[in-house]
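**Student:** Below is one structure. I have some questions about it.
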Amino acid sequence: MAFGKKKVAATDPVALAQAQRAMEQQEVTAAFQKGVTALRDFIAPSSLVFDNSHFQIGTRIARTFYVFGYPRQIFTGWLSSLVNLDEVLDMSIYVYPVESQVVLENLRKKVTQLEAGIQIDSEKGRVRDPGKQAAIIDAEEMRDKLQVGEERFFRFGLYFTIYASSMDELEFMTHKIESMLGQQLVYSKVATSQQEQAFNSTIPQFMDQLQIRRNMNTGAVSTSFPFTSADLSQDNGILYGINMHNSGLVIFDRFSLENGNSVVFAKSGAGKSFTVKLEALRSLMFGTEIFIIDPENEYERMCEAVGGAYVRLSLNSVTRINPFDLPRVLDAEESDNALRSNIITLHGLLRLMMGGAQAQMAGGGTAAMPALDPVEESDLDAALIETYAKAGITNDPLTHTSVPPTIVDLYDTLLHMGGTGPQLAQRLRKYTSGTFAGIFSQQSNTDINNPMVVFNIRDLEDELRPVAMYIVLNFIWNRTKSDKRRRILIIDEAWQLMKYEDSANFMFSLAKRARKYNLGITTISQDVEDFMGSRMGRAIVANASMQILLKQSSSAVDVLAEVFKLTSEERKRLSQFPVGQGLFFAGQSHVHIQIAASPTEMNLITTDPSQVKQIEQQGELSQPQGTIDLSNRLTPGV
């Protein structure tokens with residue numbers, strides 16, 4: 001009866017259909033699983049072909065080495081040359097602890113053998129072997145340290161794999177690495193006929209299939225600490241780019257150094273303005289105020305995108321800045337010296353304005369005639385003091401809130417005083433009632449209250465540009481002294497200031513005193529030879545704790561290599577860097593950096609004409625997503 005039931009079940013059409021559907025479902029599931037892409041499918045190479053002395057992984061050719069020989073004494077950091085090599089390589093270090101008791105017993109036997117060998121050599125009249133004597137001394141020293149627990153013993157294995165695009169490149173890298181290690185008496189060999197086992201030993205799965213090891217004590221193993229790559233990354237700071245030595249991030253706070261000053265040198269089109277704008281944009285996000293002197297209208301899009309204040313300075317502009325303004329200083333000592341300090345600054349400005357094209361150059365050791373002789377200097381000083389006194393301003397800080405005089409008032413004072421006053425007044429006339437009248441001869445109508453302020457001087461005549469930069473710098477400096485917030489001042493095309501002695505001196509004075517007021521000055525220049533040829537230019541570079549060197553012209557490389565003490569490799573690469581790559585110096589550390597920006601940042605800061613045109617066509621120029629809304633731009637009239 002039971003058998004009959006089984007037979008009926010086996011021939012039941014419904015059961016057969018269900019079984020058929022189950023088999024089809026299994027086949028579909030199996031086929032689906034074959035088509036599913038797993039993580040290993042992404043990371044696995046397309047092929048692996050092993051040869052006697054190398055192997056091919058995908059389209060790359062690779063070779064694995066092992067280190068078999070070390071000097072008698074090995075020094076800390078000997079592995080850094082290999083770790084920081086500008087080549088693609090994988091490295092594995094295997095450290096196996098050994099029981100001290102086992103090592104002590106082996107050392108005792110070894111010392112006995114060596115002493116017996118020396119005694120036999122002595123009995124047979126052989127020449128003393130210094131190697132045996134040194135081995136005995138080392139073994140006895142090691143026994144003493146192991147006995148008291150000062151040292152431990154290890155078995156040490158070091159393997160590394162290099163990768164290249166062709167056999168010629170692989171052979172070149174092999175010779176380069178073997179020579180580099182050989183200079184330190186560290187000897188390596190290709191893992192001949194064991195490339196597969198050697199490759200398995202260098203990938204991150206902790207399989208030492210080569211098992212080529214060397215006895216080392218604690219001190220020797222510690223010298224092989226591998227994390228010695230050039231690294232510039234802090235817990236606080238902004239992202240500057242990617243460290244090309246180790247693919248790490250360069251995150252740095254420039255105000256953590258001795259001072260917050262920096263210099264950026266690069267040839268035209270190498271990315272210096274891009275780098276500085278990226279730093280300014282990211283610093284702004286962390287609450288740092290930004291002041292920029294823009295000679296070429298490169299910062300307007302970025303300024304507008306973050307709601308910054310864009311101040312246009314030109315003869316047709318309604319913007320006015322009075323160089324006679326005094327800072328509103330809260331510090332008592334600074335307040336007492338505010339007038340005197342501003343008069344000294346005005347001396348430099350007026351020499352620049354009166355000297356004009358005859359202004360003396362700021363370096364080169366040339367003995368050019370000054371713009372003013374000592375008698376004129378004395379008369380000018382007396383006129384400045386009298387001009388302020390007529391406006392009711394004296395050394396008393398309580399008088400500093402009065403309305404300051406202007407250059408027109410100084411002109412009247414000079415015109416009606418004795419000595420050289422009338423002649424000096426005539427030299428100032430073009431700024432009071434002549435061609436250049438208005439822009440710097442009236443009361444200021446700018447009351448900046450914005451985290452980002454850009455002063456555009458593109459539309460100023462060439463003769464007025466250094467004067468305008470000087471006045472703007474003094475305006476920013478007075479603002480900085482009155483409110484010590486964290487600020488960055490960016491001076492683009494700074495070589496225009498370095499051409500004149502007085503403006504160069506003023507700029508150097510700012511660089512020296514900026515740290516006291518929580519100000520970091522960024523100096524940008526593409527005319528490296530003129531900048532570094534100036535005595536003040538070199539002093540400004542020496543007073544900057546951070547430097548960025550992007551691609552340079554061949555003529556500038558020698559100058560920078562001497563100033564920054566570059567290695568031969570850095571010197572060679574300085575003229576060959578692609579756009580956006582360079583050397584990043586921060587204090588005593590420096591790395592090879594790739595400046596990296598997000599697509600949104602790129603849209604805001606790029607000055608490439610083709611990219612700007614594309615952005616305009618896409619309509620992203622007006623208000624990009626994620627822009628910062630910063631109100632309170634300027635008072636009316638700016």
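The values are calculated or read from the model by the stated rules, or taken from the named source; none is laboratory data. It should be emphasised that the depicted structure is a prediction, and the values quoted were computed from it without experimental measurement. Don't worry about glycine lacking a Cβ; one is built from the backbone with ideal geometry, like all the others, and counts go over all protein chains shown.
**Student:** Just name the residue that is surrounded by the fewest Cβ atoms within 10 Å (Cβ to Cβ) out of those in the stretch 286-301 that are more than 21 Å from residue 477 (Cα to Cα) and in contact with a strand residue (DSSP E or B) (Cβ under 8 Å, 6 or more places away or on another chain).
**Tutor:** My answer is 286.
Yes or no, residue by residue, for (1) under 34 Å from the mean Cα position of the chain (by Cα); (2) closer than 30 Å to residue 410 by Cα:
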residue: 272; (1), (2): yes, no
residue: 279; (1), (2): yes, no
residue: 284; (1), (2): yes, no
residue: 309; (1), (2): yes, no
residue: 313; (1), (2): yes, yes
residue: 341; (1), (2): no, yes
residue: 350; (1), (2): no, yes
residue: 354; (1), (2): no, yes
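**Student:** Tally up the residues in the stretch 554-605 that are β-branched (Val, Ile, Thr), surrounded by 20 or more Cβ atoms within 10 Å (Cβ to Cβ) and more than 20 Å from residue 244 (Cα to Cα), please.
**Tutor:** 2
**Student:** Among the strands (runs of 3 or more DSSP E) confined wholly to the stretch 1-119, which include 3 or more residues that are closer than 30 Å to residue 592 by Cβ? Break it down into steps so the answer makes sense when it comes.
**Tutor:** Working: elements: 48-50, 55-57, 60-69, 89-98.
Here the list reads 55-57, 60-69, 89-98.
**Student:** What about residue 432, is it touching a Pro at 6+ places or on another chain (Cβ under 6 Å) and either farther than 22 Å from residue 477 by Cβ or at pLDDT 90 or above (or both)?
**Tutor:** No: the conditions fail for residue 432.
**Student:** List pairs: first residue in the stretch 89-112 and among the charged types (D, E, K, R), second residue surrounded by 12 or more Cβ atoms within 10 Å (Cβ to Cβ) and assigned to a helix (DSSP H, G or I) anywhere in the structure, Cβ distance under 8 angstrom, at least six positions apart or on different chains.
**Tutor:** Partner pairs satisfying both residue conditions: 90/202; 108/143; 110/135; 110/139.
**Student:** Among (1) surrounded by fewer than 16 Cβ atoms within 10 Å (Cβ to Cβ); (2) closer than 21 Å to residue 354 by Cα; (3) free of Cβ contacts under 8 Å to residues at least 24 places away in the same chain, which single condition is residue 381 missing?
**Tutor:** With respect to (1) surrounded by fewer than 16 Cβ atoms within 10 Å (Cβ to Cβ); (2) closer than 21 Å to residue 354 by Cα; (3) free of Cβ contacts under 8 Å to residues at least 24 places away in the same chain, residue 381 is out only on (3).
**Student:** Moving to a separate point now. I'd like to know if the stretch 242-257 contains one or more residues that are surrounded by fewer than 21 Cβ atoms within 10 Å (Cβ to Cβ), of a type in the set (Asp, Glu) and without any contact (Cβ under 8 Å) to a residue 12 or more places away in the chain.
**Tutor:** no
**Student:** Does residue 188 qualify as being at pLDDT 90 or above, under 23 Å from residue 76 (Cβ atoms) and surrounded by 14 or more Cβ atoms within 10 Å (Cβ to Cβ)?
**Tutor:** Working: at pLDDT 90 or above: yes; under 23 Å from residue 76 (Cβ atoms): yes; surrounded by 14 or more Cβ atoms within 10 Å (Cβ to Cβ): yes.
Spelling it out, residue 188 is indeed at pLDDT 90 or above, under 23 Å from residue 76 (Cβ atoms) and surrounded by 14 or more Cβ atoms within 10 Å (Cβ to Cβ).
**Student:** For residues in the stretch 525-545 being among the hydroxyl-bearing types (Ser, Thr, Tyr) and modelled with pLDDT of 80 or more, which is surrounded by the fewest Cβ atoms within 10 Å (Cβ to Cβ)?
**Tutor:** For the stretch 525-545, the residue satisfying everything is 545.
**Student:** Then there's this: Within the stretch 409-430, restricting attention to residues that are more than 23 Å from residue 393 (Cα to Cα) and assigned to a helix (DSSP H, G or I), which residue is farthest from the chain's Cα centre (by Cα)?
**Tutor:** So the residue we want is 422.
**Student:** How about the stretch 480-494: which of its residues are modelled with pLDDT under 85 and crowded, with 19+ Cβ neighbours inside 10 Å?
**Tutor:** Selection gives 480, 481, 493, 494.
**Student:** Kindly indicate whether any position in the stretch 516-524 is over 21 Å from the mean Cα position of the chain (by Cα) and either part of a strand (DSSP E or B) or at pLDDT below 85 (or both).
**Tutor:** No.
**Student:** Residues 475, 508: which one is free of Cβ contacts under 8 Å to residues at least 60 places away in the same chain, among the hydrophobic types (A, V, I, L, M, F, W, C), closer than 18 Å to residue 349 by Cβ and surrounded by fewer than 24 Cβ atoms within 10 Å (Cβ to Cβ)? Explain how you work it out, then say what you get.
**Tutor:** Working: 475 fails: free of Cβ contacts under 8 Å to residues at least 60 places away in the same chain.
The conditions single out 508.
**Student:** Right, another one. Among strands (runs of 3 or more DSSP E) lying entirely in the stretch 235-320, which contain 1 or more residues that are touching a Pro at 6+ places or on another chain (Cβ under 6 Å), β-branched (Val, Ile, Thr) and within 25 Å of residue 603 (Cα to Cα)?
**Tutor:** On the way: elements: 238-243, 249-252, 262-265, 289-294, 309-312.
In the stretch 235-320, no matching strands (runs of 3 or more DSSP E) lie anywhere.
**Student:** Still on this structure, please answer the following. Going by what's in this entry, would residue 183 be described as assigned by TED's automatic domain parsing to the domain that holds residue 101 and more than 23 Å from residue 96 (Cα to Cα)?
**Tutor:** Here the answer is yes, as residue 183 does meet what is asked.
**Student:** Are any of the residues in the stretch 158-165 farther than 20 Å from residue 569 by Cβ, under 33 Å from the mean Cα position of the chain (by Cα) and among the small types (Gly, Ala, Ser)?
**Tutor:** Checking the stretch 158-165: at least one residue is farther than 20 Å from residue 569 by Cβ, under 33 Å from the mean Cα position of the chain (by Cα) and among the small types (Gly, Ala, Ser).
**Student:** Name the single residue, out of those in the stretch 72-97 being β-branched (Val, Ile, Thr) and surrounded by 15 or more Cβ atoms within 10 Å (Cβ to Cβ), that is farthest from residue 163 (Cα to Cα).
**Tutor:** Going residue by residue through the stretch 72-97, those that are β-branched (Val, Ile, Thr) are 74, 76, 83, 88, 93, 95.
In the following step, the residues that additionally are surrounded by 15 or more Cβ atoms within 10 Å (Cβ to Cβ) were identified as 74, 83, 93.
Values: 74: 27, 83: 14, 93: 18 Å.
So the residue we want is 74.
**Student:** Can you name every residue in the stretch 552-604 that is part of a loop (DSSP other than H, G, I, E, B), in contact (Cβ under 8 Å) with a residue 60 or more places away in the chain and closer than 22 Å to residue 249 by Cβ?
**Tutor:** Within the stretch 552-604, 577, 579, 580, 587, 596, 597 meet the criteria.
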